[in-house]
Each structure stands twice: as structure tokens, then as C-alpha cells.
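**Student:** One structure is given below, represented as C-alpha cells, and several questions about it will come after.
No lab work stands behind these numbers, since they all come straight from the coordinates. None of these values were measured; they are calculated from a predicted model. For neighbour counting, all protein chains shown are included, and Cβ atoms are generated from backbone atoms with ideal geometry for every residue, glycine included.
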Amino acid sequence: MGTKSAKRKLKKRRRKETRYATDINHQLSKTIVAQAQRTGQGIAVEDLSGIRDRVRLARRQRQQLHSWAYAQLRDQITYKAQAAGVPVQVINPRNTSKTCHRCGHCATANRHSQALFRCRGCGWTGHADHNAAANIAALGHDNYRAAQSTVPKAATPLTASENVSSKPASFRTG
């Protein structure tokens, strides 16, 4: 177990797994950003920081959860989207899986099982992940619109004759 060759093989395997995850994240992020750019829409990403501390899984599922680089995927989506001019919103996942995307009713009882969502308010039934994704998309849209409404409108640029100072307009006094 603790021999040099065993450690060397584990290190080699870990590097291979890291390269694989990086490649898959690159392909996914590239596809997501290209789709958003082509359709003229933004991207809403669930904030998964701290997921390893919050989620309890069976032993055989822990390896899969702990080996994937969620932050790396989000970072790649963010920088590629920024380069492509696609807006990205990072959404707090709180209550997204137990709130109905149709009527907004929020209750733990809405989650009939891990995969099934059944709203106690309006009766809508569907896949729980689909419902959560719809909630994240709606929150992303709302956050984007709120951010756009707080951004001041750009001032009209000065013409050369109006610009009497060499300092930018924001630094001029009196």
C-alpha cells in the first residue's frame, strides 16, 4: 500500500483523472457558451461552493462527487462567456429544488422523491431537476434585469471641441 511504486501509480492516476475532468469541463463550457451566444441568451449557474460539506452521499457516490471540479467548470463558463459577451449570473441554490417554477409554492413536501417533484399548490408534476433548473433560469433572468436597472446609462461622449481639459470628465472640478 505505502510503497513508492503504489504512490507513483496513484499520483499518475490522479493526474490522468484531473486532465480528463479539465477536458470535459472545457468541452461543456465551450458548448454552453456557444449555445447561449447563438441564441442571444445569458447563462445562470448554480453556486455549488460548499456542496461537498452540505451533501451526504453513499460511500460509492462520494468519489464521483468529490472528484469533479465544479468551480473549474464555473470559472471556464465565466471567462468564456465574458470573452463572448454573454452575461453570466451565479444563483444561490436555496429552495430552488422545493419551489414550484409555475406557481412559486415552496414546501419540502413538494419533493415527492429524489427525482419527482409534485407541487402541493398547483398540482404540477415533473422531474425535480427540470423544476430546479427552471427556477435557476428564472432567478438568473431576474438578477440580470435587476443588475441592468441599477447600471447608469452611459453619458454621451464629448466632441473634441467640448473637451477643454486633458483630464477625463470624471476628474474635472468646477
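**Student:** Apply the Karplus curve 6.51 cos²θ - 1.76 cosθ + 1.60, θ = phi - 60°, to the phi angles in segment 86-91 and return the couplings in whole Hz, x for Gly and Pro.
**Tutor:** Whole-Hz 3J(HN,Hα) from phi for segment 86-91: 9, x, 10, 10, 9, 10.
**Student:** In segment 69-123, which trypsin sites (Lys or Arg not before Pro) fall in coil by DSSP and have 15 or fewer other Cβ atoms within 10 Å?
**Tutor:** 94, 102, 120
**Student:** Please list the non-local residues whose amide H lies under 5 Å from the amide H of residue 43, H modeled 1.01 Å from N, same-chain partners needing a gap of 5 or more.
**Tutor:** Residues meeting the criterion, in which the H sits 1.01 Å from N, are 88, 89.
**Student:** Under a Cβ-only charge scheme (Lys and Arg +1, Asp and Glu -1), can you give me the dipole magnitude of segment 92-151 about the Cα centre, in debye to the nearest 20?
**Tutor:** 180
**Student:** While we're here: Using all Cα-Cα distances in segment 92-151, what percent lands in each 5 angstrom bin from 0 up to the longest?
**Tutor:** Distribution as computed: 4, 22, 28, 20, 11, 8, 5, 3, 0 percent.
**Student:** In addition: Using amide H atoms built 1.01 Å from N in the peptide plane, name the residues 5+ places from residue 116, or on other chains, whose amide H lies under 5 Å from its own.
**Tutor:** Under 5 Å from the amide H of residue 116: 128.
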